[in-house]
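What follows draws every value from the coordinates through simple rules; no lab data is involved. None of the values given here were measured: they were computed from a predicted structure. For neighbour counting, all protein chains shown are included, and Cβ atoms are generated from backbone atoms with ideal geometry for every residue, glycine included.
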Amino acid sequence: MAPASIRTPSALSTLRPPRALSPRKASQAADCERLEQLPNIGESMAADLRLLGVGHPQELAAADPLSLYQGLCRLSGVRQDPCVLDTFIAAVDFMQGAPARPWWFYTAGRKARYGAV
C-alpha cells in the first residue's frame, strides 16, 4: 500500500469528476456541426461566438472576422488580444473551404491587412 502522502491514480480519480469528452475536430467544413468542432475553437471561443450571435459553424462562412473581433471587444468592454482576430480569421477561412491551419498561420496576414488592432 502506498504511503498516505502519495496519491495513486485511482485516488486522484475520486477527487474530481470525470470530464466530458470534447467533440472531435472537423477535418472539413461540411463535417462541422458544432462550434467546438472547428479547428482552434474550444469552449471559451465557442461561447464568445455564441455571444456574438453565431450559433452554427456554417454561419461563419459569410462572416467578417474583423467585425466579429470588434463586436467581441465592444460586448466584453475590453480590447481582446489580436490572436482572437487570428482565430476568427482561421475559423472563417476553414468554413469557406480552406484546410485546417493553426491560428498563428494567419498572424502575418492579419498584421499586413489590418495593422494594429
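Rounded, prolate or oblate: which one fits the range 24-114, using the alpha carbon gyration tensor with axes a ≥ b ≥ c (rounded when a/c is under 1.5, else prolate when a/b beats b/c, else oblate)?
oblate
Using label points projected 7 Å from each Cα along Cα→Cβ, tell me how many nm separate Cys83 and Leu51, to one decimal.
1.7
Using 7 Å Cα-to-Cβ label points, what is the Gln58/Arg74 separation (nm, one decimal)?
Reported label-point gap for Gln58 and Arg74 is 2.7 nm.
Pop the C-beta distance of Lys25 and Ala108 into the FRET formula with R0 = 35 Å and round what comes out to the nearest 0.05.
0.90
Applying the Karplus parametrisation 6.51 cos²θ - 1.76 cosθ + 1.60 with θ = phi - 60° to the phi angles of the range 53-66, what ³J(HN,Hα) value in whole Hz is obtained for each residue in order, glycine and proline being reported as x?
x, 8, x, 9, x, 4, 5, 6, 4, 9, 7, 9, x, 5
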